[in-house]
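Step one of this worksheet: look at the structure below.
The values are calculated or read from the model by the stated rules, or taken from the named source; none is laboratory data. It should be emphasised that the depicted structure is a prediction, and the values quoted were computed from it without experimental measurement. Using ideal geometry, Cβ is built from the backbone for each residue, glycine included, and neighbour counts are taken over all protein chains shown. Note: accessible area is taken over every heavy atom of the protein model, side chains too, but ligands, DNA and RNA are not part of it. Shrake-Rupley method; radii C 1.70, N 1.55, O 1.52, S 1.80 Å.
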Amino acid sequence: GAVVSQHPSWVICKSGTSVKIECRSLDFQATTMFWYRQFPKQSLMLMATSNEGSKATYEQGVEKDKFLINHASLTLSTLTVTSAHPEDSSFYICSASGQGARETQYFGPGTRLLVL
Amino acid sequence: DQQVKQNSPSLSVQEGRISILNCDYTNSMFDYFLWYKKYPAEGPTFLISISSIKDKNEDGRFTVFLNKSAKHLSLHIVPSQPGDSAVYFCAALGVSGNTPLVFGKGTRLSVIA
């Protein structure tokens, strides 16, 4: 299957700092990228959907000023957690699909964020 | 409100036997269903999917059954192998209704040798 990478895989930061997570599709052009969040023993929750070159669409309850998403190219999307707080500690996973086919989402390995 | 429910948080099965993982959904807009396998600290890996126009889809040891009237689907793994031990997520989306991919909470499968 297609390969999606995320960087970093682990990040520990102090409260109040901003953290950027990158999601790359390595062998295909991802017209749409999705950002999910997973708390322990919970399901993956969609945070936002981004299409290349346009603003992201955020799910209800997700603060767009706190979770900044940029999808500047067909192979890269970034999620920036601004002014991170301990409650933002979670597992963040991106997925990517080509040709806008949401049913074919390839997932990255995830990024574990711990905010102290 | 959980639109996709996996009511069994865990399941243990003997190697060689059948594993049956269940999933229920409530949103009638869902018309495409997927199963993912996930290891700790990794992203989900796609296993198998089924469209609502079918009631069964088979791929090797994995078979997914869909009962639309009951809004229920199940994943059968036979024979189960120790390497199948992981968390299995059921997910659903509405292709025609343009709903996003919604995941269940997952079922942890342990296959005992």
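The condition (being open to solvent by less than 90 Å² (accessible area, probe 1.4 Å) and away from chain B (no Cβ under 13 Å)) is satisfied by just one residue among A:T57, A:T17: A:T17. Residue count for the range B:58-110, restricted to those that are more than 16 Å from the chain's Cα centre (by Cα) and away from chain A (no Cβ under 14 Å): 5.
So, of the residues in the range A:31-46 that are more than 10 Å from every other protein chain (Cβ to nearest Cβ) and either touching a Pro at 6+ places or on another chain (Cβ under 8 Å) or not basic (K, R) (or both), which turns out to be nearest to A:E87 (Cα to Cα)?
A:F39
The sole residue among A:F67, A:F91 that is of a type in the set (F, W, Y), more than 14 Å from chain B (Cβ to nearest Cβ) and either in contact with a helix residue (DSSP H, G or I) (Cβ under 9 Å, 6 or more places away or on another chain) or open to solvent by less than 30 Å² (accessible area, probe 1.4 Å) (or both) is A:F67. When we screen B:S49, B:S80 for residues that are surrounded by 14 or more Cβ atoms within 10 Å (Cβ to Cβ) and touching a Phe, Trp or Tyr at 6+ places or on another chain (Cβ under 9 Å), the only hit is B:S49. Taken over the range A:94-114, the criterion of being within 21 Å of B:L101 (Cα to Cα), open to solvent by 30 Å² or more (accessible area, probe 1.4 Å) and in contact (Cβ under 8 Å) with a residue 12 or more places away in the chain is satisfied by A:Q99, A:G100, A:R102, A:Y106, A:P109.
Could you list, in sequence order, the residues of the range A:33-48 that are open to solvent by less than 30 Å² (accessible area, probe 1.4 Å) and either assigned to a strand (DSSP E or B) or not small (G, A, S) (or both)?
Restricting attention to the range A:33-48, the residues satisfying the condition of being open to solvent by less than 30 Å² (accessible area, probe 1.4 Å) are A:33-36, A:38, A:43-44, A:46-48.
Matches in the range A:33-48: A:M33, A:F34, A:W35, A:Y36, A:Q38, A:L44, A:L46, A:M47, A:A48.
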